[in-house]
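We did not get these values from a lab; they are worked out from the coordinates using the rules stated. All figures in this text were calculated on a predicted structure; none of them were measured in a lab. Here Cβ is always computed from backbone atoms with ideal geometry, including for glycine, and neighbour counts include all displayed protein chains.
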Amino acid sequence: MVLASAAPGIFSAGLDILEMYQSTPERCVAFWRALQDAWLNLYGSRLITMAAIEGHSPAGGCLLAMSCDYRVMAEGKFQIGLNETKLGIVAPFWFTDVMLNTIGHRETEKALQLGALYSAQQALSIGLVDKVVPLAEVMPTVEGELKNWLQIPAAARVITKTSMRKAVLDRLRSQKEKDAQFFADFINRDSVQKSLGMYIASLQKKKN
Ligand SMILES: CCC/C=C/C(=O)SCCNC(=O)CCNC(=O)[C@H](O)C(C)(C)COP(=O)([O-])OP(=O)([O-])OC[C@H]1O[C@@H](n2cnc3c(N)ncnc32)[C@H](O)[C@@H]1OP(=O)([O-])[O-]
């Protein structure tokens with residue numbers, strides 16, 4: 001399975017910030033449950049999963065990419081990273097776990113505290129992506145890599161993938177409701193709503 005985007009220049013802009021702003025606790029919990037399930041399915045997929053990152057990939061977009069088995073990113077101006085702290089919000093433990101498994105403890109600690117967004121070359125240098133190629137080469141590169149992965153006997157590959165990812169998946173599975181409630185409580189704090197409001201305004205200002 002290849003994750004790609006139909007929007008030129010944007011792999012994924014992350015979660016819909018407007019869903020987290022001036023919402024109700026009930027809606028926040030439902031929103032979060034949907035995200036948890038989507039991620040559990042992706043990270044736990046038996047399929048070979050690859051991200052064709054042909055544009056920006058902040059926050060939830062970075063999570064999607066990191067949750068794949070392999071990442072190819074377009075060189076150039078695009079950025080990738082978990083930038084949550086810049087919005088005044090906090091990446092949940094399972095975002096952190098996936099990043100830890102991808103780039104290691106030291107880089108994750110720095111990246112998360114700073115809300116760092118990396119260029120493709122920087123992402124390559126810390127192992128956040130596996131390959132950087134010109135934009136037009138992203139999809140052919142993914143397809144070529146997929147052929148390599150498809151040559152591995154499926155049962156052996158799936159057992160290996162499952163055993164590598166099980167602890168992280170189980171950690172969320174065992175506390176989904178608590179995690180959803182935490183998100184709803186946190187996001188509805190006055191200080192967090194204020195930060196989100198300012199971030200949305202800065203996005204709109206940048207556009208105008
Ligand atoms: C605890 C929770 C964990 C959270 C995880 C997350 O994923 S948090 C998410 C973290 N995500 C980020 O921090 C990414 C924030 N976004 C960006 O940095 C840039 O939009 C971009 C680099 C993705 C694309 O730049 P570009 O110059 O090509 O495009 P543009 O900037 O002109 O935007 C076009 C329109 O889309 C709008 N909009 C954009 N993103 C979002 C969104 N996520 N949601 C909603 N709306 C969004 C933007 O306001 C504008 O709306 P308007 O005025 O037309 O009504």
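The amide H of Gln79, built 1.01 Å from its N in the peptide plane, has His56, Ser57 as neighbours under 5 Å, considering only residues 5 or more places off or on other chains. Taking the Cα atoms only, what angle lies between the long axis of helix 154-173 and the longest principal axis of the chain, rounded to 10 degrees? That works out to roughly 10 degrees. Residues whose amide H comes within less than 5 Å of that of Leu3, counting only those at least five positions distant or on another chain, are Met50, Ala51, Ala52 (H built at 1.01 Å from N in the peptide plane). Once the Cβ-Cβ distance of Lys178 and Leu18 is raised to the sixth power relative to R0 = 22 Å, the FRET efficiency obtained is 0.30. Can you return the lysines within cross-link range of Lys110? Criterion is Cα-Cα under 16 Å, with same-chain partners fewer than 8 residues away left out. Partners found: Lys86.
Sorting the segments 156-163, 141-148 by their residues' average number of neighbouring beta-carbon atoms within 10 angstrom, most packed first, yields 141-148, 156-163. Within straight-line reach of Lys131, meaning a Cα separation under 20 Å, sit the following aspartates and glutamates at least 8 residues removed in sequence or on another chain: Glu54, Asp69, Glu75, Glu107, Glu143, Glu145. Stretching the chain fully between Leu47 and Asn148 yields a gain of 35.0 nm (0.36 nm per residue, less the alpha carbon separation). Close amide H pairs (under 5 Å, H built 1.01 Å from N) link Gly115 with Thr85, residues at least 5 positions away or on another chain. The modelled label-to-label distance for the pair Thr160/Asn101, using points 7 Å beyond Cα in the direction of Cβ, is 1.5 nm. Please say if segment 47-114 is rounded, prolate or oblate, where rounded means a/c under 1.5 for a ≥ b ≥ c the square roots of the C-alpha gyration tensor eigenvalues, and otherwise the choice is prolate for a/b larger than b/c and oblate otherwise? Oblate, since a/c reaches 1.5 and b/c is not below a/b.
Here the 3J(HN,Hα) profile of segment 123-138, calculated from phi with Karplus coefficients 6.51, -1.76 and 1.60 at θ = phi - 60°, is 4, 5, 5, 9, x, 6, 10, 9, 8, 10, 9, x, 3, 5, 8, 4 Hz, Gly and Pro shown as x. A simple packing score, the average count of other Cβ atoms within 10 Å per residue, orders the peptides 123-130, 49-56 as 49-56, 123-130, with the highest score first. Working value for segment 88-208: equivalent-ellipsoid semi-axes of 32, 24, 14 Å, each the square root of 5 times a Cα gyration tensor eigenvalue, largest first. The distance separating the Cα centre of segment 64-83 from that of segment 138-188 comes to 15 Å. With Cα atoms as the point set, the radius of gyration and Dmax of the chain evaluate to 17.2, 53 Å. Placing dummy labels 7 Å off each Cα toward the beta-carbon, the span from Gln204 to Asp185 is 3.1 nm. When the alpha carbon gyration tensor of segment 1-69 is reduced to an equivalent ellipsoid, its three semi-axes come out at 23, 16, 7 angstrom, largest first.
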